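The structure appears right after this line, and notes come after that.
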Amino acid sequence: MSGKRSDFDLSLDPPSAYVFTGEICTRSYPLNRFAFAFKHAEHRSRFEQAPELVMEEFSLTDEQKTLVRQRDWTGLVANGGHHFNIIKIAAAVGESHLHVGAHMCGADWNEFKQSLPHVVDLLPEDLD
(Lines give C-alpha, C1' and ligand atoms only; values in the text may rest on other atoms or scores of the structure.)
Protein backbone atom coordinates (compact mmCIF):
# COMPACT_ATOMS: atom_id res chain seq x y z
CA MET A 1 0.00 0.00 0.00
CA SER A 2 2.84 2.37 -0.55
CA GLY A 3 1.91 5.83 -1.71
CA LYS A 4 -1.56 5.68 -0.18
CA ARG A 5 -2.66 8.50 2.04
CA SER A 6 -4.42 7.77 5.31
CA ASP A 7 -4.48 11.21 6.93
CA PHE A 8 -7.82 12.44 5.58
CA ASP A 9 -9.91 14.35 8.08
CA LEU A 10 -12.50 11.78 9.13
CA SER A 11 -13.57 13.40 12.39
CA LEU A 12 -17.22 13.85 13.27
CA ASP A 13 -16.87 17.59 13.91
CA PRO A 14 -17.42 20.38 11.34
CA PRO A 15 -16.18 20.79 8.72
CA SER A 16 -15.96 17.00 8.40
CA ALA A 17 -19.47 16.24 9.64
CA TYR A 18 -22.68 18.21 10.06
CA VAL A 19 -25.65 17.41 12.25
CA PHE A 20 -28.92 17.39 10.30
CA THR A 21 -31.50 18.76 12.72
CA GLY A 22 -35.20 19.45 12.35
CA GLU A 23 -34.48 23.19 12.24
CA ILE A 24 -31.94 22.74 9.47
CA CYS A 25 -34.31 20.43 7.60
CA THR A 26 -37.07 23.03 7.74
CA ARG A 27 -34.81 25.93 6.75
CA SER A 28 -33.28 24.02 3.84
CA TYR A 29 -36.50 22.47 2.54
CA PRO A 30 -36.26 24.12 -0.94
CA LEU A 31 -32.70 22.84 -1.39
CA ASN A 32 -33.63 19.30 -0.37
CA ARG A 33 -36.79 19.32 -2.48
CA PHE A 34 -34.66 20.45 -5.47
CA ALA A 35 -32.04 17.76 -4.82
CA PHE A 36 -34.56 14.98 -4.16
CA ALA A 37 -36.25 15.70 -7.48
CA PHE A 38 -33.11 14.43 -9.26
CA LYS A 39 -34.54 10.92 -8.82
CA HIS A 40 -36.81 11.77 -11.78
CA ALA A 41 -35.34 11.64 -15.28
CA GLU A 42 -37.43 14.64 -16.35
CA HIS A 43 -35.90 16.80 -13.59
CA ARG A 44 -32.38 15.70 -14.51
CA SER A 45 -33.06 16.51 -18.17
CA ARG A 46 -34.54 19.92 -17.38
CA PHE A 47 -31.57 20.73 -15.13
CA GLU A 48 -29.13 19.73 -17.85
CA GLN A 49 -30.92 22.02 -20.34
CA ALA A 50 -31.63 25.02 -18.08
CA PRO A 51 -29.99 24.75 -14.65
CA GLU A 52 -30.58 28.38 -13.69
CA LEU A 53 -34.28 28.18 -14.48
CA VAL A 54 -34.72 24.98 -12.49
CA MET A 55 -32.84 26.36 -9.48
CA GLU A 56 -35.02 29.48 -9.63
CA GLU A 57 -38.20 27.39 -9.82
CA PHE A 58 -37.20 25.61 -6.61
CA SER A 59 -36.48 28.94 -4.87
CA LEU A 60 -32.84 28.21 -4.12
CA THR A 61 -31.00 31.06 -2.46
CA ASP A 62 -28.17 32.78 -4.31
CA GLU A 63 -25.71 31.01 -2.02
CA GLN A 64 -27.25 27.61 -2.76
CA LYS A 65 -27.19 28.29 -6.50
CA THR A 66 -23.50 29.17 -6.28
CA LEU A 67 -22.79 25.98 -4.34
CA VAL A 68 -24.61 23.89 -6.97
CA ARG A 69 -22.75 25.65 -9.83
CA GLN A 70 -19.40 25.07 -8.11
CA ARG A 71 -20.23 21.44 -7.27
CA ASP A 72 -19.42 22.31 -3.67
CA TRP A 73 -20.84 19.17 -2.08
CA THR A 74 -19.52 20.02 1.37
CA GLY A 75 -20.99 23.50 1.17
CA LEU A 76 -24.37 22.11 0.16
CA VAL A 77 -24.39 19.77 3.16
CA ALA A 78 -23.24 22.60 5.43
CA ASN A 79 -26.11 24.67 4.00
CA GLY A 80 -28.62 22.05 5.11
CA GLY A 81 -28.63 19.64 2.21
CA HIS A 82 -29.18 16.07 3.31
CA HIS A 83 -26.23 14.02 2.07
CA PHE A 84 -28.44 11.44 0.31
CA ASN A 85 -30.08 14.26 -1.62
CA ILE A 86 -26.79 15.96 -2.47
CA ILE A 87 -25.53 12.66 -3.88
CA LYS A 88 -28.47 12.75 -6.31
CA ILE A 89 -27.24 16.08 -7.70
CA ALA A 90 -23.69 14.73 -7.92
CA ALA A 91 -24.82 11.65 -9.83
CA ALA A 92 -26.79 13.81 -12.26
CA VAL A 93 -23.65 15.76 -13.14
CA GLY A 94 -21.47 12.67 -13.49
CA GLU A 95 -19.94 12.34 -10.05
CA SER A 96 -20.39 9.52 -7.56
CA HIS A 97 -20.85 9.36 -3.81
CA LEU A 98 -17.10 8.73 -3.67
CA HIS A 99 -16.46 12.12 -5.31
CA VAL A 100 -18.70 13.69 -2.66
CA GLY A 101 -16.79 11.83 0.05
CA ALA A 102 -13.45 13.02 -1.29
CA HIS A 103 -14.71 16.59 -1.37
CA MET A 104 -15.93 16.31 2.21
CA CYS A 105 -12.53 15.00 3.31
CA GLY A 106 -10.82 17.91 1.57
CA ALA A 107 -9.03 15.53 -0.74
CA ASP A 108 -8.18 15.63 -4.40
CA TRP A 109 -10.28 12.98 -6.18
CA ASN A 110 -7.31 11.17 -7.70
CA GLU A 111 -5.47 11.10 -4.39
CA PHE A 112 -8.60 9.93 -2.57
CA LYS A 113 -9.20 7.22 -5.17
CA GLN A 114 -5.75 5.79 -4.44
CA SER A 115 -6.68 5.40 -0.75
CA LEU A 116 -9.62 3.12 -1.60
CA PRO A 117 -9.18 -0.65 -1.46
CA HIS A 118 -8.47 -2.14 -4.86
CA VAL A 119 -9.09 -5.77 -3.93
CA VAL A 120 -12.20 -6.58 -1.98
CA ASP A 121 -13.06 -10.04 -0.69
CA LEU A 122 -16.82 -10.02 -0.60
CA LEU A 123 -17.27 -13.13 1.50
CA PRO A 124 -14.85 -15.13 3.59
CA GLU A 125 -14.40 -18.61 2.19
CA ASP A 126 -15.91 -20.24 5.27
CA LEU A 127 -19.30 -18.66 4.42
CA ASP A 128 -19.67 -20.44 1.08
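The values are calculated or read from the model by the stated rules, or taken from the named source; none is laboratory data. In this text, all values refer to a predicted model and were calculated from it rather than measured experimentally. So basically every Cβ, Gly included, is an ideal-geometry build from the backbone, and we count neighbours across all protein chains shown.
Only one of the listed residues (A37, A50, A41) is modelled with pLDDT of 95 or more and in contact with a His (Cβ under 9 Å, 6 or more places away or on another chain). That residue is A37.
Figure legend. Inter-residue proximity from the stretch 68-97: first residues within 16 Å of Y18 (Cβ to Cβ), second residues at pLDDT 95 or above and surrounded by fewer than 19 Cβ atoms within 10 Å (Cβ to Cβ), beta-carbon distance below 6 Å, spacing 6+ or different chains. Indicated pairs: N85/F36.
Which of the residues spanning the stretch 86-100 are assigned to a helix (DSSP H, G or I), at pLDDT below 90 and surrounded by fewer than 19 Cβ atoms within 10 Å (Cβ to Cβ)? Even if it seems obvious, please write down each step before you answer.
First pass over the stretch 86-100, keeping only residues assigned to a helix (DSSP H, G or I): 86-92, 97-100.
From what is left, the residues that are at pLDDT below 90 are 97-100.
Result: H97, L98.
Q70 - would you say it is exposed (fewer than 15 other Cβ atoms within 10 Å of the Cβ) and polar (S, T, N, Q)?
On the way: exposed (fewer than 15 other Cβ atoms within 10 Å of the Cβ): yes; polar (S, T, N, Q): yes.
Yes: the conditions hold for Q70.
Would you say F34 is touching a residue at least 24 places away in the same chain (Cβ under 8 Å), assigned to a helix (DSSP H, G or I) and of a type outside the set (S, T, N, Q)? Judged against the criteria, F34 is a match.
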